[in-house]
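The values are calculated or read from the model by the stated rules, or taken from the named source; none is laboratory data. These figures come from a predicted structure and were not determined experimentally. Note that each Cβ is placed from the backbone with ideal geometry, even for glycine, and that neighbours are counted across all protein chains shown. Accessible surface areas use protein heavy atoms only, side chains included; no ligands, DNA or RNA. Shrake-Rupley method; radii C 1.70, N 1.55, O 1.52, S 1.80 Å.
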Amino acid sequence: ELLVVISIMALATAGVGLALRDSGATQLQREGERLAVLLDAARAQSRASGAAVRWRADAQGFRFEGLPPNALPGQWLDGATGVRGPGELWLGPEPLIGPQQVVVVSRAHPALAVRVATDGLRPFAVQALQ
């Protein structure tokens, strides 16, 4: 009986351990997914208006140049979020924009990163970096 109880406790502990994700990884994934949606929205607005739109990351967050002010948010959900490498994407107005990507990182968890990328035809998607 004791062996059965220990086995059940071991399985339960393993299940809980696998179910819990690091809050840093979860937050970074959420930031990446949000950015992908915002980039696709800006791309759609660029195509609808015929105006060129450029996304740029800066020290305060990011901005969409070519859209009306406050058309889309310009802040990360977490202030420790930023980008690695070039923080600039061209979003249109052409239907095909060419492959583009940005790497989103967290200063609180420097080992974690996600890539937000498109092949130029499909919507932006989030990919984990190892």
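Rundown of residues vs (1) outside any loop (DSSP other than H, G, I, E, B); (2) under 20 Å from P93 (Cα atoms), yes/no style:
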| site | (1), (2) |
| --- | --- |
| A25 | yes, no |
| Q29 | yes, no |
| A44 | yes, yes |
| Q75 | no, no |
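Conditions (1) at pLDDT below 95; (2) out of contact with any helix residue (DSSP H, G or I) (no Cβ under 8 Å at 6 or more places or on another chain); (3) surrounded by 14 or more Cβ atoms within 10 Å (Cβ to Cβ), marked per residue:
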{"site": "G17", "(1), (2), (3)": "yes, yes, no"}
{"site": "Q27", "(1), (2), (3)": "yes, yes, yes"}
{"site": "L38", "(1), (2), (3)": "no, yes, yes"}
{"site": "A48", "(1), (2), (3)": "yes, yes, no"}
{"site": "R54", "(1), (2), (3)": "no, yes, yes"}
{"site": "A59", "(1), (2), (3)": "yes, yes, no"}
{"site": "P68", "(1), (2), (3)": "yes, yes, no"}
{"site": "L72", "(1), (2), (3)": "yes, no, yes"}
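Residues E94, E88: which one is more than 19 Å from the chain's Cα centre (by Cα), surrounded by 11 or more Cβ atoms within 10 Å (Cβ to Cβ) and at negative phi? Explain how you work it out, then say what you get.
Numbers: E88 fails: more than 19 Å from the chain's Cα centre (by Cα).
Answer to the selection: E94.
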Cβ-Cβ below 6 Å, separation at least six or inter-chain, first residue in the stretch 113-130 and open to solvent by less than 70 Å² (accessible area, probe 1.4 Å), second in a strand (DSSP E or B) and of a type outside the set (V, I, T): which pairs? V114/A128; R115/Q101; R115/Q127; A117/Q101; T118/Q100; L129/A113; L129/R115
